[in-house]
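The structure appears below as structure tokens.
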Amino acid sequence: MTKTLQVRLQEIKNAQKGIFIPYIMAGDHNQGLDGLFETIQFLEQSGVSAIEIGVPFSDPVADGPVIEAAGQRSLAKGVTLTEIVQKLKEETSQVPLIIMSYFNPVFQYGLERFFDDLEQTCVKGLIIPDLPYEQESILKAYLQERDICLIRLVSLTTGEDRQRQLVQDAQGFVYAVAINGVTGKSNQYTDDLDYHLHELTELSPVPVLTGFGVSSQEDILRFNRVSDGVIVGSKIVAGLFNGQQNDVQKLVTFGCGVDKTHSNYKFY
């Protein structure tokens with residue numbers, strides 16, 4: 001079936017614009033979950049392509065210190081996946097929402113109930129970073145007839161045959177992991193990163209977005225030259241928590257304004 005998230009991102013790519021997806025942690029607001037849609041609307045008004053919403057978890061193996069701390073603050077308020085989904089049922093979003101959750105909260109929720117409830121929200125994508133490709137089959141029946149894409153993460157250290165396997169039937173977009181490590185550490189980029197991103201983007205039938213460590217206008221420019229756009233997490237989470245909304249808005253507006261018809265975005 002046609003997937004809303006994939007259609008939207010492909011339209012942005014076809015228009016030669018940069019795809020920009022911000023990440024926020026559900027519940028990491030002074031009003032807890034009651035502030036979730038205030039943050040969503042703030043980002044929508046800046047023209048984001050979609051919004052990734054993190055679910056707090058006690059053992060977030062892929063999260064760097066900024067997002068882990070945000071998750072701990074959210075957990076301290078008692079925020080759960082169930083409460084997040086119920087809150088998302090209450091209001092609508094102008095852009096597709098993407099849930100990022102580790103598998104355990106999804107499993108504890110109950111798979112059928114989880115996907116039934118998601119259908120009553122604006123969630124159009126799901127990222128489960130600790131669910132291997134080989135185990136995706138447990139979700140296949142729930143996703144087949146629903147307007148929800150399961151997003152795959154692809155490490156750039158993965159061999160070409162494995163990358164080809166991961167992208168051949170990918171949905172929504174491919175999440176290209178730019179560093180070997182946790183989120184938020186841009187100083188770990190390798191010298192051949194741009195080449196590998198370009199190759200993956202050429203290989204993939206769906207847009208490729210670069211994430212993990214993307215934190216500046218320079219990063220946004222760089223990765224839009226070699227992939228279809230970026231996901232920015234730690235920088236936005238920290239900015240929102242520290243009351244730096246103006247700085248966040250400037251970064252988001254910059255990321256949403258990328259025009260790839262300009263020669264700055266040509267990769268040679």
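The values are calculated or read from the model by the stated rules, or taken from the named source; none is laboratory data. Just so we're clear, the structure is a prediction, and the values are computed from it rather than from any experiment. We place every Cβ from the backbone using ideal geometry, glycine too, and count neighbours over all the protein chains shown.
Annotations for the structure displayed:
- Residue under evaluation Val55, criteria (1) modelled with pLDDT under 95; (2) crowded, with 17+ Cβ neighbours inside 10 Å; (3) among the hydrophobic types (A, V, I, L, M, F, W, C), criterion not met: (1)
- If you filter region 198-241 down to residues that are among the charged types (D, E, K, R) and under 14 Å from the mean Cα position of the chain (by Cα), you find that the one that is nearest to Gly18 (Cα to Cα) is Asp228.
- Check on Gly184, farther than 20 Å from Glu11 by Cα, buried (at least 20 other Cβ atoms within 10 Å of the Cβ), in contact with a Lys or Arg (Cβ under 6 Å, 6 or more places away or on another chain) and modelled with pLDDT under 95: no
- Restricting region 84-126 to residues that are basic (Lys, Arg) and farther than 17 Å from Ser74 by Cβ, the residue that is surrounded by the most Cβ atoms within 10 Å (Cβ to Cβ) is Lys124.
- Boolean, Glu68 is part of a helix (DSSP H, G or I), among the acidic types (Asp, Glu) and farther than 25 Å from Pro132 by Cα: no
- Out of Ala238, Ala176, sole residue that is of a type outside the set (Val, Ile, Thr), crowded, with 20+ Cβ neighbours inside 10 Å and at pLDDT 90 or above: Ala176
- Selection within region 10-44 - among the small types (Gly, Ala, Ser), surrounded by fewer than 24 Cβ atoms within 10 Å (Cβ to Cβ) and either in contact with a strand residue (DSSP E or B) (Cβ under 7 Å, 6 or more places away or on another chain) or in a loop (DSSP other than H, G, I, E, B) (or both): Ala15
- Taken as a whole, the structure places Ser74 among residues that are of a type in the set (S, T, N, Q) and part of a helix (DSSP H, G or I).
- Region 1-20, residues that are closer than 30 Å to Pro60 by Cα and touching a helix residue (DSSP H, G or I) at 6+ places or on another chain (Cβ under 9 Å): Gly18, Ile19, Phe20
- Residues being assigned to a loop (DSSP other than H, G, I, E, B) and in contact with a helix residue (DSSP H, G or I) (Cβ under 7 Å, 6 or more places away or on another chain) - total across region 45-57: 8
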